[in-house]
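The values are calculated or read from the model by the stated rules, or taken from the named source; none is laboratory data. Bear in mind that the values here come from a model prediction, so they are computed numbers and not experimental data. Here the Cβ positions follow ideal geometry from the backbone for every residue, glycine too, while neighbour counts run over all protein chains shown. Remember, those area values only see protein heavy atoms, side chains included, never the ligands or the DNA or RNA. Shrake-Rupley method; radii C 1.70, N 1.55, O 1.52, S 1.80 Å.
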Amino acid sequence: NAGVMQNPRHLVRRRGQEARLRCSPMKGHSHVYWYRQLPEEGLKFMVYLQKENIIDESGMPKERFSAEFPKEGPSILRIQQVVRGDSAAYFCASGERPGLIQETQYFGPGTRLLVL
Amino acid sequence: ELKVEQNPLFLSMQEGKNYTIYCNYSTTSDRLYWYRQDPGKSLESLFVLLSNGAVKQEGRLMASLDTKARLSTLHITAAVHDLSATYFCAVDYAQGAQKLVFGQGTRLTINP
């Protein structure tokens with residue numbers, strides 16, 4: 001069973017460009033979470049999605065950031081007009097059913113975004 | 001706002017010694033997680049703690065949870081070099097929704 005997959009693993013963008021980060025959850029998982037990790041810091045929650053629905057986007061910056069999880073295909077985190085402060089590692093995690101008492105989030109390898 | 005604080009943030013120790021990492025959180029939660037992260041890598045789930053007094057052990061690592069004190073500990077016994085990593089605790093902020101709030105991480109270095 002393949003784990004959570006993210007691509008690209010590394011992404012370099014110039015200021016003002018767009019960044020698209022993809023996440024394919026583990027097989028059988030229908031819940032996806034995106035987190036951002038700045039250097040030397042812990043992960044910060046950004047958004048929680050189920051298929052075709054955004055459940056909680058309270059951690060998303062109000063501008064330039066958007067996320068989707070379509071019925072078919074991977075979840076996408078999109079950052080428009082990137083700035084240097086967007087440079088970070090972006091991790092996706094997936095879960096089967098968050099209400100399960102033993103539920104654990106499984107993390108992907110992350111996408112390291114560098115904005116020049 | 002839920003805050004999760006770990007200490008120490010940096011820990012350098014010798015092989016064979018014991019030590020404890022502490023994780024305090026500010027509001028009630030019913031789940032606490034410990035993760036390990038190696039440099040440049042993703043997070044590996046170590047433990048899920050669900051109830052007051054819960055204790056889980058895996059090899060040289062043991063985690064416990066005191067929900068009344070809002071405190072979890074990760075105890076390392078007879079450390080070995082392979083345990084060098086950054087350890088994060090995380091608390092489930094939104095019950096059942098698994099919106100995790102992470103501590104800052106403890107960077108553990110174990111010297112031969």
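What to note about this one:
- Looking across region A:1-16, the residues that are among the polar types (S, T, N, Q) and touching a strand residue (DSSP E or B) at 6+ places or on another chain (Cβ under 8 Å) come down to A:Q6, A:N7.
- Strands (runs of 3 or more DSSP E) within region B:17-112 that include 2 or more residues among the charged types (D, E, K, R) and open to solvent by 50 Å² or more (accessible area, probe 1.4 Å): B:55-58
- Test: residue in region A:38-51 that is over 24 Å from B:A90 (Cα atoms) and away from chain B (no Cβ under 12 Å): yes
- Looking only at region A:64-106, and only at residues there that are acidic (D, E) and at pLDDT below 95, the one that is least open to solvent (accessible area, probe 1.4 Å): A:E103
- Answer from B:L65, B:L43, B:L32, B:L50 - the residue that is modelled with pLDDT under 90 and among the aliphatic types (A, V, I, L, M): B:L50
- Residue among A:S24, A:S30 that alone is open to solvent by less than 60 Å² (accessible area, probe 1.4 Å) and either touching a helix residue (DSSP H, G or I) at 6+ places or on another chain (Cβ under 8 Å) or within 14 Å of A:Q105 (Cβ to Cβ) (or both): A:S30
- Among (1) among the aliphatic types (A, V, I, L, M); (2) farther than 28 Å from B:L50 by Cβ; (3) open to solvent by 60 Å² or more (accessible area, probe 1.4 Å); (4) within 14 Å of chain B (Cβ to nearest Cβ) - the single one A:V12 does not satisfy: (4)
- The set of residues in region A:81-99 being within 22 Å of A:I55 (Cβ to Cβ) and not aliphatic (A, V, I, L, M) consists of A:Y90, A:F91, A:C92, A:S94, A:G95, A:E96, A:R97, A:P98, A:G99.
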